[in-house]
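Would you mind keeping the following structure in view while I ask a few things?
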Amino acid sequence: MQNAPHIPLPSRLPDVGTTIFTVMSSLAQECQAVNLGQGFPDFVGDPTLPELVHQAMLNGHNQYPPMAGVLGLREAISLKTQQLYGHAYDPVHEVTVTAGATQALLTAVLALTEPGDDVVVLEPCYDSYIPAIQMAGCRPIRVPLDAQTFRPDFDKIRQAITLRTRLLIINTPHNPSGTCWTAEEMNELANILSDTSVMVLSDEVYEHMVYDKHAHQSVVRHPELRSRSLVVSSFGKTFHVTGWKVGYVLGPQALMSEFRKIHQFNVFTVNTPMQMGLSTYLGNPKPYLELPLFYEEKRNHLRQGLQSMPFELLPCEGTYFQCVRYKTQDWHQAPEHDADFCIWLTRKVGVTAIPMSAFYTSPTRSQVIRFCFAKQLKTLDEALHRMRQYLAS
Ligand code: PMP
Ligand code: GLN
């Protein structure tokens, strides 16, 4: 191997390492632990969808689709959005198919900001937000969610917004906490923003995982917010295909045309057969309308099992994540910090979780960990069994 000459490498993200999801999944594999860490289903979804994709490939849909996505898919997305949230985005100008939500989020931040702007994020938050803000040359302004309930604190949000603020990123249902914004909270946000020019990036990838008969409060339902928002969703979550990396963005034409300027030089477009398959599959609302009941069973199963253990269960109103607080003395003097606790739980007990502190960029003393319940019941049972056995030993 040739030694590289000594070239000082610049870094746009000097403080960033490998994501916690990758780190914990590798450790789970190494330790043969039950992986309830990284959020992905361990079961196969409806075979109709891959069959449709396969058929699209055989039918020759293998060349570049339009830059903004296959029109039929954009029409299906627009119709679904109208039926669920009461507003029809124009599929030609206001819907864009993306390579998953992560690309959509970065592209949106790049599109809606200029270097030097302030972008407000509510912490804890999904791990790509702050690097995206930094890559855009903007300043992340971190506003903590309530430390106990993980709900938005509107006084703090109001105080954080200044003339330098260009964008606010919100996420409901919320990863990692599982909280969902209420209609009143959306109204409150609309009030705060009404006489500002702050735009909103609303990450709604878990829109179809809202439980206990509650309705998802999309910004799309709120005209004041909708007019200043890009909304992001992901088919990976909705149809159990996280590895496909296909999602979409909705927004008024003025915002979307800026989004597309970046999108076309970022990925240009997204693979055709998946889009063709999804466009037919979306015609049937049953798979996403049944999702709350499907996941509620898994949530309840995990919660019931965890209830008999020394954990304090946080509410799980949406997403496929269940957070719990622990006390180290209950776990035979396990490490105190949640990141160490998760490593210990993987190595010693054979169960992997994600530490809450990974969703903060500032050092955080947290004793909360996140379990993913997008798993077969037998996987959840095995994890519960291992923890019970450890506690009994
Ligand atoms: N936002 C949130 C809140 C997420 O949990 C995820 C999950 N990975 C994403 C965005 C990214 O979704 P995708 O896999 O479609 O990029
Ligand atoms: N969104 C998933 C989670 O929160 C993982 C995404 C990823 O691996 N980057 O677990």
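The values are calculated or read from the model by the stated rules, or taken from the named source; none is laboratory data. What you see is a predicted model; the values in this text were computed from it and never measured. We place every Cβ from the backbone using ideal geometry, glycine too, and count neighbours over all the protein chains shown. Please note that ligands, DNA and RNA were not included when accessible areas were found on the heavy atoms of the full protein model with its side chains. Shrake-Rupley method; radii C 1.70, N 1.55, O 1.52, S 1.80 Å.
Give me Rg/Rg_expected for the stretch 1-84, where Rg uses Cα atoms only and Rg_expected = 2.2 N^0.38 Å with N residues.
Numbers: Rg = 21.5 Å, N = 84, 2.2 N^0.38 = 11.8 Å.
Normalised Rg, Cα atoms only: 1.82.
Still on this structure, please answer the following. Among Ala104, Ala254, Ala383, which one moves the most in a GNM of the chain with springs linking Cα atoms closer than 10 Å?
Fluctuation is largest for Ala254.
Here is a further query. Rounded, prolate or oblate: which fits the stretch 87-214, taking a ≥ b ≥ c as square roots of the Cα gyration tensor eigenvalues, rounded meaning a/c under 1.5, else prolate when a/b beats b/c? If you can, show how the numbers build up before the last one.
On the way: a/c = 1.35, a/b = 1.05, b/c = 1.29.
Cα axes put the stretch 87-214 in the rounded bin.
Let me ask you something else. Relative contact order for the stretch 282-393: what percent, with Cα pairs under 8 Å and sequence separation of 6 or more?
Working: 143 pairs, mean separation 29.5, N = 112.
With pairs under 8 Å counted, the relative contact order is 26 percent.
Also, I was wondering about something else. Based on alpha-carbon centroids, what's the gap between the stretch 42-75 and the stretch 369-393 in Å, whole number please?
35 Å
Provide the per residue accessible area, probe 1.4 Å, for the chain, rounded to a whole number of square angstrom. Display every interim value, and only then the final one.
Numbers: 17590 Å² over 393 residues.
Roughly 45 Å² per residue, with all protein chains present.
Still on this structure, please answer the following. Students often forget the sequence filter, so: which aspartates and glutamates lie under 17 Å Cα-Cα from Lys327 once same-chain residues fewer than 8 apart are removed?
Glu312, Glu336, Asp338, Asp340
Helix-derived [θ] at 222 nm for the chain: sum -39500 (n - 2.57) over DSSP H runs of at least 4, divide by residue count, nearest 500?
Calculated mean residue ellipticity at 222 nm is -11500 deg cm²/dmol.
Only Lys, Arg, Asp and Glu count, each charged at its Cβ (+1, +1, -1, -1), so figure out the dipole size of the stretch 245-310 about its Cα centre, rounded to 20 debye. Kindly include the intermediate steps, with their values, before the conclusion.
Working: 7 positive and 4 negative charges, 24 e Å.
So the magnitude is around 120 debye.
Whole Å is fine, so just give me how far the alpha carbon centre of the stretch 78-96 lies from that of the stretch 152-224.
19 Å
Which links in Lys348/Lys375; Lys156/Lys375; Lys245/Lys348; Lys286/Lys378; Lys348/Lys378; Lys156/Lys298 stretch past 28 Å when you go from one Cα to the other? Each step should come with its number before you reach the end.
Values: Lys348/Lys375 21 Å; Lys156/Lys375 37 Å; Lys245/Lys348 33 Å; Lys286/Lys378 25 Å; Lys348/Lys378 21 Å; Lys156/Lys298 35 Å.
Beyond 28 Å between Cα atoms: Lys156/Lys375; Lys245/Lys348; Lys156/Lys298.
While we're looking at this one, here's another question. Under a 5 Å amide H to amide H cut-off, with H placed in plane at 1.01 Å, what residues pair with Ser229 once short-range neighbours are removed?
Here the answer is Val200, since their amide H atoms fall under 5 Å of that of Ser229.
At a Förster radius of 25 Å, what calculated FRET efficiency corresponds to the Cβ-Cβ distance of Glu312 and Glu336, to the nearest 0.05?
Working: r = 16 Å, r/R0 = 0.63.
Taking R0 as 25 Å, the efficiency between Glu312 and Glu336 is 0.95.
Counting only GluC sites (Glu not before Pro) that are in a DSSP loop and have at most 14 other C-beta atoms within 10 Å, tell me the longest site-free stretch of the chain.
On the way: sites that count: Glu290, Glu336.
Longest stretch, sites excluded: 1-289.
Same structure again: Would you please give the residues with an amide H less than 5 Å from that of Val351, counting only those at least 5 places away or on a separate chain, with H modeled from the backbone geometry?
Distant-sequence amide H within range of Val351: Val34, Thr346.
Give the range of the longest stretch in the chain that excludes all trypsin sites (Lys or Arg not before Pro) found in loop regions by DSSP and having at most 12 other beta-carbon atoms within 10 Å. Before the final figure, lay out each step's value.
Numbers: sites that count: Arg12, Arg164, Lys213, Lys327, Arg365.
The segment 13-163 is the longest one with no such site.
In the neighborhood of Gly69, defined by Cβ-to-Cβ distances under 11 Å, what is the net charge if each Lys or Arg adds +1 and each Asp or Glu adds -1? Spell out each step's value before the answer.
On the way: positive: Arg74, Arg260; negative: Glu75.
Residues close to Gly69 contribute a combined charge of +1.
To continue, here is another question. Does the chain come out rounded, prolate or oblate by the C-alpha gyration tensor, with a ≥ b ≥ c the root eigenvalues, rounded set by a/c under 1.5 and, if not, prolate when a/b is larger than b/c and oblate if not?
Values: a/c = 1.42, a/b = 1.26, b/c = 1.13.
Judged from the Cα gyration tensor, the chain comes out rounded (a/c under 1.5).
OK, next. Roughly how many debye, to the nearest 20, is the charge dipole of the stretch 92-157 about its Cα centre, given +1 on each Lys and Arg Cβ, -1 on each Asp and Glu Cβ, and no other charges?
Values: 4 positive and 9 negative charges, 22 e Å.
The calculated dipole for the stretch 92-157 is roughly 100 debye.
Follow-up question, since we're still on this one. In whole Hz, with x marking every Gly and Pro, tabulate ³J(HN,Hα) for the stretch 61-67 from phi via Karplus 6.51 cos²θ - 1.76 cosθ + 1.60, θ = phi - 60°.
8, 10, 9, 3, x, x, 3
A further question follows. Measure nothing but the geometry: give the 0 to 90° angle between the long axis through the Cα atoms of 100-112 and the longest principal axis through the Cα atoms of the chain, rounded to 10°.
So the inclination is approximately 60 degrees.
Separate question: Carbon and sulfur atoms: what percent of the 1.4 Å accessible area of the chain do they account for?
Ligands and nucleic acids excluded, carbon and sulfur reach 53 percent.
Another one. How far, in nm, would the chain grow between Asp90 and Arg365 when pulled straight, counting 0.36 nm per residue and subtracting the alpha carbon separation? Don't skip to the end; give the middle numbers.
Working: separation 275, 0.36 × 275 = 99.00 nm, distance 4.57 nm.
Computed gain between Asp90 and Arg365 is 94.4 nm.
Related question: What residue among Ser257, Val205, His6 has its Cα farthest toward the positive end of the dipole of the chain, where the charges are +1 on Lys, Arg and -1 on Asp, Glu, each on the Cβ?
Value: His6.
Could you give me the ³J(HN,Hα) list for the stretch 256-264, computed from phi with Karplus coefficients 6.51, -1.76, 1.60 and θ = phi - 60°, whole Hz, x at Gly and Pro?
Along the stretch 256-264, the couplings run 5, 5, 5, 4, 5, 4, 6, 3, 5 Hz.
What are the chymotrypsin sites (Phe, Trp or Tyr not before Pro) within the stretch 223-282 that DSSP puts in a loop, where the Cβ has at most 16 other Cβ atoms within 10 Å? Intermediate results must be reported in sequence, preceding the final value.
Numbers: sites: Phe235, Phe239, Trp244, Tyr248, Phe259, Phe265, Phe268, Tyr281; in loops: Phe239, Phe268.
Listed in order of number, the matching sites are Phe268.
From the Cα gyration tensor of the stretch 322-393, with a ≥ b ≥ c the square roots of its eigenvalues, which class applies: rounded if a/c is under 1.5, or else prolate if a/b is larger than b/c, or else oblate? Walk me through the intermediate numbers first.
Working: a/c = 2.36, a/b = 1.30, b/c = 1.82.
Oblate is the answer for the stretch 322-393, as a/c is 1.5 or above yet b/c matches or exceeds a/b.
So, in Å, what gap is there between the alpha-carbon centers of the stretch 288-320 and the stretch 251-279?
Going from one Cα centre to the other spans 34 Å.
Given the options Ser279, Ser194, Ser218, which has the most mean-square fluctuation in a GNM of the chain, springs set between C-alpha atoms less than 10 angstrom apart?
Ser194
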